[in-house]
Amino acid sequence: MGKKPATEKRKSEIRDRAGNEAVFGYAPLPSAADEMVDNNGAIRPVWQRFLANFGEIPANELTERFARADRYLRDAGVFYRAYGSKGTGERSWPLSHIPVLIDEREWQALSAGLVQRADLLEAIIADIYSDNKLVEEGYLPPGLIASNPEFQRPLAGIKPASGHYLHFCAFEIGRGPDGDWWVLADRTQAPSGAGFALENRVATTRAFSDIYAETPVHRLASFFGAFRDALQTMKHSGDDRIGVLTPGPANETYYEHAYIARYLGFMLLEGEDLAVVNGRVMVRTVAGLKPIGVLWRRLDSAYADPLELDQNSRIGTPGLVEALRAESVTIVNALGTGILETRALPAFMPTVCHRLFGEKLKLPSIATWWCGQKEEREHVARNIEKMVIGPAYSRAPFFDDRGESVLGSSLRSTAKDSITDWLNSDGPKLVGQEVVTLSTTPAWVDGKLTPRPMSLRVFAARTARGWQIMPGGFARIGSGDDVAAIAMQAGGAAADVWIVSDKPVERYTLLPAEGSFTRNMPGSLPSRAADNLFWLGRYIERAEGALRILRAWHARYAEAADPSQPLLADVSKYLVAVDIDTDEPVPETLLRNIESAVYSASNIRDRFSPDGWLALNDLAKTARRFHATVTAGDDASHAMTILLRKLAGFAGLVHENMYRFTGWRFLSLGRYIERGLHMTRLLGYMSGPDAPDGALDMLLEIGDSVMTHRRRYNVNTARLTVTDLLALDPLNPRSVLFQMNEIHREAEQLPNAFVNGQMSPFYRETMRLHSGLAVMTPEAMTSEIYKKMERELKQLSDLLAQTYLG
């Protein structure tokens, strides 16, 4: 045999020496199992190829690779919402760059256990809301169900239209010191993380594209494709829509809701988008009410229907439970399934599994004792040093419950003495669980691989072939040795999970196969989305108008340095009338308009490109910085120019990239109406006979029409020429008539512009205003005409809202 190539020889040496601490500086914790190193100190086979390639990467290149992954997440706008004592805020997604590698054979055994568990949870929830045999026969304590805040009594006896309560589940699992896996928690209410698992995969492959390409890692797309197809089969008719029901932008995982909706092609809906009419769930769209057949809910059950569940809910849809009774809609997962997340329930699952299936749990739960029973209470009290005690009805695992649990080993001796009294008095409300020592996995910390505690969130979807387990998942990595620090809110990070095969894997894609396709028109636009698009257009145009006036004002102030100069004083009065304070170089009103545009865009993240979102946020950040630092005069004028360029960049992205359908029309209508109002007000105020010297020149500058005026009119600025160019020229994109032309053109394409051959009220009013302005002459344009036009444009905006946005 010939010599090995140098690179192959080096890789072989790394494989042979991978367990040596000197190579990677990696020292597994003695008290925990490790995902990379087995109990004998040898590198697990599934990690050897990865480490061989990883060891070839120079330190500076590793830094560049990790930066590339982080940049992707920033550019994609991936975030989660963090809650704390200082309020809430969006935080960048904390990626742990080293993936978790698991052998395919081990994963198959795990999957079998999770499929059994999903079937068991389905059987338990079906019994809870129907015959209640498990309570009757003593397998579940009555109090654990009847007193549980997650037990939704109005849903008792309601059969799901699909025949199943559970369609999408998640399981928090961890590996113990002996190397076996446990289930730490079940997630059935509204499991989150599947979308983040996709983003983790994309970001991680940006860092390790070469390693990923040559490693047979199972892809995730087939899992989502199978679930999407399963949801499609649940529709009651071809006209039914599928929606992702979100609590809204304030939710900590809202980004994921928008991402999943966009990825699978579903509507992103909030409770206010829906109405129940004659027992059917309908979505309010700009084309009227349209039927919803399937709702993948991402809000807790109690909030779904304020009429029959939590009457204090502001994010639900009245009548939703009645639609479930009529079996006209399928909700994924069924309302009321959050009770399966109860922390005390795993204490009874082994006996329930044997009762229902005649077999043992293939994947055990973390050892759990419900303290509502005498023997269990005494066991917990005797073994308090090994226990963590928490609320029995809590849905959060001990490491994610934000301080609700008590660690027995941390108690003082005096406190331990009173444990028995506490358990005896509050036993039914408490649960004891064995303290978990989670396995560790490599994380890149301070330039080296370091063991960190880890749990996995694994997802299961009900498909046409039964439960399908995602071949991968979402790993939560601790920020230190503390198991409690693996939660995102506690500073933990997220890692991709690679399920590695020893043979080539299928390359699945959600894209249609080559050869034939169907061009589907975009779905109906929800009225709420149209409303946000319309106001996004208005706020952006309002900000641009303010920027142009302020830039012209500060440029002249830099020359005169006297705000009492007639033109500056006159324009200052106008600015005060529209709530803009010239005492602030970058006024608070301008910031509010930009922030309002950001807020409107945040409500339609599923319809907004990442580039557009980044550009809009960059504009807002720059405006806030200028607000704090810029001074009046040249400095402010230059700042306004920079903000105008950034705003133009955002507008250009939207104009060039947004699909020309209904959503685009509402965004455009918002801009045209606001620009028309802006120019109408300015002309009425600055083009009158009493306007100070220089007002017309300033008006042309604000209207970005100085050069056009010089080319079109061989005279100096005059009231009639300025009026002709800025009010009545159909080719000037800043003129009022141009806005009316565009409003008329877009209005004609809106849904129901014509009904039974008759114009809609909105389209009729658009026609009237357009034709009235089109026949005007410059001589006829007076301040009274401008005031009337301003009133009519405001009324046109109100009429559009009444027609389409209510």
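The values are calculated or read from the model by the stated rules, or taken from the named source; none is laboratory data. Not measured: the values here are computed from a predicted model. Glycine gets a Cβ as well: all are built from the backbone with ideal geometry, and neighbour counts include every protein chain shown. Heads up: the accessible areas ignore ligands, DNA and RNA and are worked out on the full protein's heavy atoms, side chains in. Shrake-Rupley method; radii C 1.70, N 1.55, O 1.52, S 1.80 Å.
Relative contact order of the chain, taken over Cα pairs closer than 8 Å and 6 or more residues apart, is 14 percent.
Per-atom-type breakdown for the chain gives carbon and sulfur 50% of the accessible area (1.4 Å probe, protein chains only).
Can you tell me the mean projection area, over all orientations, of the convex hull of the range 328-451's alpha carbons? Units nm², please.
Reported value for the Cα convex hull: 12.2 nm².
Once backbone amide H atoms are built at 1.01 Å from N, Ser365 has Val183 as its partners under 5 Å, excluding neighbours fewer than 5 places away on the same chain. Helix 59-76 and the long axis of the chain differ in direction by around 60°, with both axes built from C-alpha atoms. Extending 7 Å from Cα along the Cβ direction at Ala112 and again at Val505 yields two label points whose distance is 2.0 nm.
In the calculated pair distance distribution of the range 222-315, what percentage of Cα-Cα distances lie above 16 Å? Walk me through the numbers on the way to the answer.
Working: 2522 of 4371 pairs.
Across the range 222-315, Cα pairs with separations above 16 Å total 58 percent.
Under the combined filter of DSSP loop state and at most 15 neighbouring Cβ atoms within 10 Å, the range 300-376 retains these GluC sites (Glu not before Pro): Glu327, Glu359. Projecting the Cα atoms of Phe534, Ile549, Leu575 onto the dipole axis of the range 522-603, where Lys and Arg carry +1 and Asp and Glu carry -1 at the beta carbon, places Phe534 farthest toward the positive end.
Between the helical axis of 104-128 and the longest alpha-carbon principal axis of the chain there is an angle of about 80 degrees.
Give, rounded to the nearest 20 debye, the magnitude of the charge dipole that the range 250-368 has about its Cα centre when Lys and Arg contribute +1 at Cβ and Asp and Glu contribute -1 at Cβ.
360
Average accessible surface for the chain: 43 Å² per residue, computed with a 1.4 Å probe over protein heavy atoms with every protein chain in place. Across the range 672-785, the volume of the C-alpha convex hull divided among the residues equals 101 Å³ per residue. Dipole size of the chain about its Cα centre, with +1 on Lys/Arg Cβ and -1 on Asp/Glu Cβ: approximately 1340 debye, rounded to the nearest 20. May I ask which residue of His218, Val286, Ala203 lies farthest towards the positive end of the charge dipole of the chain, with charges of +1 (Lys, Arg) and -1 (Asp, Glu) on Cβ and the Cα centre as origin? Farthest towards the positive pole: His218.
With N counted as the residues of the range 249-362, its alpha-carbon radius of gyration over 2.2 N^0.38 Å works out to 1.29.
Seen from Tyr786, the other residues with C-beta closer than 11 Å to its C-beta sum to a net charge of +1, counting Lys and Arg as +1 and Asp and Glu as -1.
Axis angle, to the nearest 10 degrees, between helix 736-748 and the longest C-alpha principal axis of the chain: 50 degrees.
Peptides 390-397, 146-153, 499-506 ranked from most to least packed, by the mean per-residue count of other Cβ atoms within 10 Å: 390-397, 146-153, 499-506. DSSP beta bridges fully contained in the chain are about 75 percent antiparallel. Given +1 at the Cβ of Lys and Arg, -1 at the Cβ of Asp and Glu and no other charges, the dipole of the range 146-213 around its Cα centre is 300 debye to the nearest 20.
Over the alpha-carbon set of the range 520-625, divide Rg by the Kirkwood Rh and report the Rg/Rh ratio to two decimals.
1.11
Where does the charge balance sit around Asp239 when Lys and Arg score +1, Asp and Glu -1, over other residues with C-beta under 14 Å from its C-beta?
So the surrounding residues net to +3.
A Cα-only calculation for the chain places Rg and Dmax at 31.7, 100 Å. For Thr589, neighbours were defined as the other residues whose beta-carbon sits under 10 Å from its Cβ, and their charges (Lys and Arg +1, Asp and Glu -1) total -2. Couplings 3J(HN,Hα) of the range 293-299, computed from phi: x, 9, 10, 8, 7, 10, 10 Hz, in residue order, whole Hz [Karplus 6.51 cos²θ - 1.76 cosθ + 1.60, θ = phi - 60°; x for Gly and Pro]. Rg and Dmax of the range 546-688, based on Cα coordinates, read 16.4, 49 Å.
The Rg/Rh ratio for the range 155-245 is 1.06, where Rg is the radius of gyration of the alpha carbons and Rh is the Kirkwood radius.
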